[in-house]
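All remarks here apply to the structure that follows.
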Amino acid sequence: MEVMQVLHMNYGEGETSYAKNSNIQRKIISTTNSRLKEAILNIMCNNKKVPESIGIADLGCSSGPNTLMVFKEIINIIYATCRKTGSSFPELRVSLNDLPGNDFNYIFRSLPKFIQKIKEEKGSENCYVVGVPGSFYGRRFPNKSSHFVHSSSSLHWLSQVPFGLATNARTTLNKGKLYISQTSPSDVIKAYVSQFQNDFSLFLRSRSPEMVPGGRMLLSLMGRSSIDPTIEDGCYYQWELLAHALSILVSKGLVEEEKIDSFNAPYYAPCPEELKIAVEKEGSFIVNRIEAFEIEWDASVSSNSSTQCEDKKILLSRGQQVAKTIRAVVESMVENHFGNEIMDDLFSIYSDLVGDFLYKKKAVYVNLVVSLTRKN
């Protein structure tokens, strides 16, 4: 699988689109608002005066209503600070980055209205927004051009399937699984850990020359609470249940078993210790804080029912919503490997499995928030 060519969130505004099924990612962004404010105020107030021009980069921006959410919050913070200090509103240079397959046209269509609203509310037209297609595992911006770098719900995606686990690998190491599991051999775990370490180190090395000294970076990504990668934590069960749904399609003769054996997700959920060690080893950044918080698989669905029967119906409905959320994110990869014709059947089975799982067990994502400062 060529991740750079294949991975993208589902396009458009249909029922399975990312635009319609990204509430969890929106909640994650909202949860980090206090850290966002802290970083922007640091950039604004640590200078003798407000910078005349501020470079902002959003890496893994995706598309849909969440894309401009962070930018809007940054503008509000800067505007309030300028009013308080009597400073002029600075020029904002905003770079929205994602892989080439991202639905940039959705973003571009929404920009004129967004910029016009800024002009009306803030009285400023000094906002310049560009799309920057390409992997963030490599240089994307000029030297010392970025004051603030943001990335949300993106860095858990690897640049490639770990070495030795790709579709064309001679030996099947992770039979019947799509990701690390408790039955995965040590070679699989080592391959995933190594790939993440290499990727995250490259990410940091790439950002280092692009950022001004004292610049801030705020990263949030899926993670886990334990040092043990096989812990039943975070997104572990979602990959396990998706593998189970595929195995059901195998029993129905709709999918070849070898297809499951040859698929390994280009994904890794690190623990806080791994991130801290990687940042300190690279050496260009100061770790301000690394925090972990939990969010339910579908925090947007709640139940006020009083009977067990009603509770189960709502949890099955929650299973459908979780399945839509996951489908909007992983369908491009799964479809590329297994084919389009099984997608509806696969995610219908998956929604039932998730609904049953949620009826028996509370499930949460573990999200890690990393705040860094570029060393002087």
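The values are calculated or read from the model by the stated rules, or taken from the named source; none is laboratory data. Because the structure is a prediction, the values reported are computed rather than measured. Don't worry about glycine lacking a Cβ; one is built from the backbone with ideal geometry, like all the others, and counts go over all protein chains shown. Each accessible area value is taken on the protein alone, full model and side chains, heavy atoms only, with ligands, DNA and RNA left out. Shrake-Rupley method; radii C 1.70, N 1.55, O 1.52, S 1.80 Å.
Hey, in the GNM for the chain with a 10 angstrom Cα cutoff, which one of 21, 340, 97 fluctuates hardest? Comparing 21, 340, 97 in a Gaussian network model of the chain, the most mobile one is 340.
Straight-line cross-link reach from residue 324 at under 19 Å between alpha-carbon atoms covers these aspartates and glutamates, not counting any fewer than eight positions away in the same chain: 13, 15, 103, 240, 296, 298, 335, 341, 344, 345, 352, 356.
For region 204-250, the C-alpha radius of gyration divided by 2.2 N^0.38 Å, with N the number of residues, is 1.90. Applying 0.36 nm per residue to the separation of residue 186 and residue 26 and subtracting their alpha-carbon distance, the gain on full extension is 54.1 nm.
Helical content alone sets the calculated 222 nm signal of the chain at -14500 deg cm²/dmol, taking -39,500 (n - 2.57) per DSSP H segment of four or more residues and averaging over every residue.
Averaging 1/r across all pairs of distinct Cα atoms in the chain and inverting the result yields a Kirkwood radius of 21.7 Å. Within the listed set 152, 17, 34, the Gaussian network model of the chain (springs between alpha-carbon atoms below 10 Å) gives the highest mean-square fluctuation for 34. The residues of the chain expose on average 45 square angstrom of accessible surface per residue, using a 1.4 Å probe on protein heavy atoms.
If you bin all the Cα-Cα distances of region 1-138 at 5 Å, starting from zero, the percentages per bin are 2, 9, 18, 20, 20, 15, 9, 5, 2, 1, 0.
Report, to the nearest whole %, how much of the accessible area of the chain belongs to carbon and sulfur atoms, 1.4 Å probe, protein only. About 48 percent, which is the carbon plus sulfur part of the accessible surface. Treating each Cα of region 79-199 as one equal point scatterer and applying the Debye formula with no solvent, the log10 of I(q)/I(0) at q = 0.09, 0.21, 0.23 Å⁻¹ comes out as -0.46, -1.25, -1.36. When GluC sites (Glu not before Pro) are flagged only if DSSP places them in a loop and at most 15 other Cβ atoms lie within 10 Å, the longest unflagged stretch of the chain comes out as 257-376. Treat region 218-274 as a sphere of radius equal to its Kirkwood radius over Cα pairs and apply Stokes-Einstein at 20 °C in a medium of 1.002 mPa s; give the translational diffusion coefficient in µm²/s, rounded to a whole number. Estimated diffusion coefficient is 164 µm²/s. By the Stokes-Einstein formula, at 1.306 mPa s and 10 °C, region 204-301 with its Kirkwood radius over alpha-carbon pairs has D equal to 95 µm²/s. For the chain, with a Gaussian network of springs between Cα atoms less than 10 Å apart, report the residue from 266, 213, 185 with the top mean-square fluctuation. Evaluated over the chain, the most mobile residue of the options is 185.
Could you tell me how many cubic angstrom of Cα convex hull volume region 88-151 has per residue?
Considering the Cα atoms of region 88-151, their hull volume per residue is 96 Å³.
Dipole orientation for the chain: of the candidates 350, 221, 319, 221 has the Cα lying most toward the positive pole (charges on Cβ; Lys, Arg +1; Asp, Glu -1).
Exceedance of the 22 Å cut-off in Cα-Cα distance is limited, within the set 175/252; 122/375; 48/276; 20/72; 49/84, to 122/375; 48/276.
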